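Colleague: Got a structure here, written out as structure tokens. Questions coming.
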Amino acid sequence: MNPVHFDSPIDALWIDCHLATMTGEKPYGTIEDGAMAVADGRIVWIGPRRDLPPVAESSARRVYALNGAWVTPGLIDCHTHLIYAGNRALEFEMRLGGATYEEIAQAGGGIVSTVNEVRKATEESLFDQSVRRLAAMQAQGVTTVEIKSGYGLDTQNELKMLRVARRLGAETAVRVCPTFLGAHALPPEYRDRSDDYVALVVEDMLTAVVAENLAEAVDVFCERIAFSRDQTRRIFEAATGAGLRVKIHAEQLSDTNGAALAAGYQALSADHLEYLSADGIHAMAAAQMVAVLLPGAFYFLKETRLPPVAGLRKAGVPMALATDCNPGTSPTTSPLLMMNLACILFGLTPAEALAGFTVHAARALGRDQHIGCLATGKMADFAVWDIQRPAELAYYIGGSPLTMTVKAGVPIKGPIR
Ligand code: DI6
Ligand code: FE
């Protein structure tokens, strides 16, 4: 039991609820009929209500009785391309008519068409289009989101995207973790000159991103239709040299052994991973990386090759889940739907799916010291759900039983701006 300090006043006491703490060995880390005390935005006491000292209720400035609701850590969406302009419904129709994602990309569609939209958009318009998606995520319990650049692909527009990310964090109730993904696709003006583009990413963009402190991590799309291993290495050298953590889009469409390459740079995570090999799994385990699985993209591209979930489990590699929210391969803002897809398509348990959007997602962002589970000392970021058991979160196909979210101890009500 944790020490109790109810001599100084606490800001809020949360009672009449069940807690899925996502700590310990048991699935969900359940505390039935639990209680949580919050002061200065952090959890200062958590446990079964019967252990709560009677003085706690009188020393709390506010008491929230939740009517038997379930409380989970606030959901963390650790891989998104949430900032973009326009959409790709036309391309969706083309794909349904028989064109493949790679064919569309090679014909100048795909990512590049979103790049054109983003370059045309003002910062204001990009913000307005993106904040709606963030609001939709928040309505599903999200309190932290990672957002990647990668649709600007020149210095000015990559910075524009990251400034929008910063504004989203400042002007909404959602915590934003920005990632620089200059190496997402080759912009048309660098056709056949990909090494020159990588030089621009490293020398120009990254320098500017670091100077303005606009990103916490650097990501690379390492794939035969994107950037090579050598190019990825060059970017990771520069990024780690500048003190940034790295992550990688790897093994999505083929096995380029990108996860193992990233392991050599103490990467936070490797993401997608349908084609991850046994060697890749072991490299990730040794480097204590997180495997970020993205069932939305798998579903939307009608992929058939499954990520090696059993191998990851056996090797003890934590599995996070994310929406991959993007206009081309995962046009969704729904973490709950991703949990359902991960259970049905990838064979995760509902408890693993929730861990994928909480404790393991926090680690994929290097934020696990402060968020991702409900424990003494953690930020009081949580979601309150009108459900009977936590498996319901992965059970519904769409829909959201969310009652409210709380960020740093503050209940978030209504529209998030
Ligand atoms: N992998 C993906 O699935 C997305 N980016 C990436 O590196 C696709 C992004 C897009 O098509 O706009
Ligand atoms: Fe992605």
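Colleague: In the stretch 164-187, which residues are small (Gly, Ala, Ser) and either away from ligand 1 (no atom under 16 Å from the Cβ) or under 16 Å from the mean Cα position of the chain (by Cα) (or both)?
Modeller: Ala165, Gly169, Ala170, Ala173
Colleague: Condition first: of a type outside the set (A, V, I, L, M) and more than 21 Å from the chain's Cα centre (by Cα). Now tell me which residues in the stretch 244-268 satisfy that.
Modeller: Across the stretch 244-268, the qualifying residues are Ser254, Asp255, Thr256, Asn257, Gly264.
Colleague: If Glu32 satisfies all but one of (1) assigned to a strand (DSSP E or B); (2) closer than 30 Å to Ala185 by Cβ, what's the number of the condition it fails?
Modeller: (2)
Colleague: Considering only the stretch 310-327, I want to know if a residue exists there that is open to solvent by less than 20 Å² (accessible area, probe 1.4 Å), part of a helix (DSSP H, G or I) and touching a Pro at 6+ places or on another chain (Cβ under 8 Å).
Modeller: no
Colleague: Okay, moving on. Would you mind listing the strands (runs of 3 or more DSSP E) fully within the stretch 191-280 where at least 1 residues are within 20 Å of Pro308 (Cβ to Cβ)?
Modeller: So the answer is 245-250, 269-272.
Residue-wise test of (1) touching an Asp or Glu at 6+ places or on another chain (Cβ under 9 Å); (2) more than 30 Å from Leu312 (Cα to Cα); (3) assigned by TED's automatic domain parsing to the domain that holds Arg132; (4) touching a residue at least 40 places away in the same chain (Cβ under 8 Å).
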site	(1), (2), (3), (4)
Arg167	yes, yes, yes, yes
Arg191	no, yes, yes, no
Arg233	no, no, yes, no
Phe236	no, no, yes, no
Ala259	yes, no, yes, no
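Colleague: For the subset of the stretch 147-163 comprising residues that are in contact with a Leu (Cβ under 6 Å, 6 or more places away or on another chain) and within 16 Å of ligand 1 (Cβ to nearest atom), which member is nearest to Arg193 (Cα to Cα)?
Modeller: Among those that are in contact with a Leu (Cβ under 6 Å, 6 or more places away or on another chain) and within 16 Å of ligand 1 (Cβ to nearest atom), it is Gly150.
Colleague: Now a separate question. I'd like to check something: does the stretch 271-284 contain any residue that is in contact with a Phe, Trp or Tyr (Cβ under 9 Å, 6 or more places away or on another chain), open to solvent by less than 30 Å² (accessible area, probe 1.4 Å), within 30 Å of Arg193 (Cα to Cα) and in the same structural domain as Ile344 (by TED's automatic domain parsing)?
Modeller: Checked against the condition, which is being in contact with a Phe, Trp or Tyr (Cβ under 9 Å, 6 or more places away or on another chain), open to solvent by less than 30 Å² (accessible area, probe 1.4 Å), within 30 Å of Arg193 (Cα to Cα) and in the same structural domain as Ile344 (by TED's automatic domain parsing), the stretch 271-284 yields at least one hit.
Colleague: From the set of residues in the stretch 185-222 that are charged (D, E, K, R) and in contact with a strand residue (DSSP E or B) (Cβ under 7 Å, 6 or more places away or on another chain), which is nearest to Thr329 (Cα to Cα)?
Modeller: Result: Asp219.
Colleague: Give me a count of the residues in the stretch 16-27 that are within 14 Å of Gln388 (Cα to Cα) and surrounded by fewer than 22 Cβ atoms within 10 Å (Cβ to Cβ).
Modeller: 2
Colleague: Give the residues of the stretch 243-260 that are open to solvent by 10 Å² or more (accessible area, probe 1.4 Å) and away from ligand 1 (no atom under 13 Å from the Cβ), sorted by residue number.
Modeller: Residues satisfying the conditions are Gly243, Leu244, Arg245, Asp255, Asn257, Ala260.
Colleague: Identify the residue in the stretch 48-80 that is open to solvent by 20 Å² or more (accessible area, probe 1.4 Å) and either among the polar types (S, T, N, Q) or assigned by TED's automatic domain parsing to the domain that holds Ala291 (or both) and, among all such residues, is farthest from Met289 (Cα to Cα).
Modeller: Among them, the one singled out is Ser58.
Colleague: Which of the residues that make up the stretch 354-370 are open to solvent by 10 Å² or more (accessible area, probe 1.4 Å) and assigned to a loop (DSSP other than H, G, I, E, B)?
Modeller: Of everything in the stretch 354-370, those that are open to solvent by 10 Å² or more (accessible area, probe 1.4 Å) and assigned to a loop (DSSP other than H, G, I, E, B) turn out to be Leu365, Gly366, Arg367, Asp368, Gln369, His370.
The values are calculated or read from the model by the stated rules, or taken from the named source; none is laboratory data. For clarity, every value in this text was computed on a predicted model and none was experimentally measured. Here Cβ is always computed from backbone atoms with ideal geometry, including for glycine, and neighbour counts include all displayed protein chains. Areas reflect the complete protein model, heavy atoms only, side chains present, ligands, DNA and RNA absent. Shrake-Rupley method; radii C 1.70, N 1.55, O 1.52, S 1.80 Å.
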